[in-house]
Amino acid sequence: MDNKQVIETLNDLIENCKDGEFGFTSSAEHARTGALKQTFLSRAQDCRQAAEELRVVVGQLGGRSTPDGGTLAGAAHRGWVAVKGTLAGYSDLNMLEEAERGEDKALERYRKALEEDLPADVRVVVQRQYEGAKRNHLQIRELRDAARRADNA
C-alpha cells in the first residue's frame, strides 16, 4: 500500500473522529443528566484526541489531513440528532440510541481500515484507536440499556 492510500485511509478515520466529536458534543448539549452530559463530553474529547493523533501520522507520511468539518454523512447524523432530540423532548434514551448508531459506524470504518495493508507503525495506532472505539461503544450500549430499563420501570 503506497503512502497516498495510507493517507486517504487515515483521513477517512480523521473524518470519522470529527463526526464522533460533533455527534457527542451535540448529544451532550441535549442530555438531561449531568453524568450523561459528562460522558458525552468525555467521548467527544476522546474523538478529538484520536483525530489529532491521526493528523500527526498523516503529517509524518508527508500528507495533509482533512479539514475539521467532518463528513456529509456525519453532518446528516448530527442534524438527525437535533431533529430527533426536538421531537422526543431530548430524552437521554434517544440520545444514547443515536450515539450507539454513530459508534456502530465508527467501528465499521475502523474495521475497514484494519483490513487494509497498513504499515506496521500505522496499524498499531489504528488498532489502538479501534480498541478505544469498541470500549466507547460498549459504554454507550450499557448506558442505553440502563436508560431503557429505567424507562420501562
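The values are calculated or read from the model by the stated rules, or taken from the named source; none is laboratory data. Remember, predicted model here, so these are calculated numbers, not experimental data. Ideal geometry is used to build each Cβ from the backbone, glycine not excepted, and the neighbour counts take in all protein chains shown.
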**Message:** Of everything in region 18-50, what is touching a helix residue (DSSP H, G or I) at 6+ places or on another chain (Cβ under 6 Å) and touching a residue at least 60 places away in the same chain (Cβ under 8 Å)? Give them in sequence order.
**Reply:** Asp19, Gly20, Gly23, Phe24, Ser27, His30, Ala31, Arg32, Leu36, Arg43, Ala50
**Close pairs from region 131-153: first within 15 Å of Arg32 (Cα to Cα), partner of a type in the set (S, T, N, Q) and modelled with pLDDT of 95 or more, Cβ under 8 Å, at least 6 apart** = Leu143/Thr39
**Item:** Residue among Val56, Val83 that alone is over 14 Å from the mean Cα position of the chain (by Cα), in a helix (DSSP H, G or I), over 17 Å from Asn136 (Cα atoms) and at pLDDT 65 or above
**Value:** Val56
**Request:** Sort through Gly69, Gly89 and tell me the only one that's loosely packed, with under 15 Cβ neighbours inside 10 Å, touching an Asp or Glu at 6+ places or on another chain (Cβ under 9 Å) and modelled with pLDDT under 90.
**Result:** Gly69
**Request:** Could you give me the residue pairs with C-beta distances under 8 Å whose first residue belongs to region 91-110 and is under 9 Å from Ala147 (Cβ atoms) and touching a residue at least 24 places away in the same chain (Cβ under 8 Å), whose second residue is assigned to a helix (DSSP H, G or I) and basic (Lys, Arg) wherever it lies, and which are 6+ apart or on separate chains?
**Result:** Leu93/Arg144; Leu93/Arg148; Leu96/Arg144; Glu97/Arg144
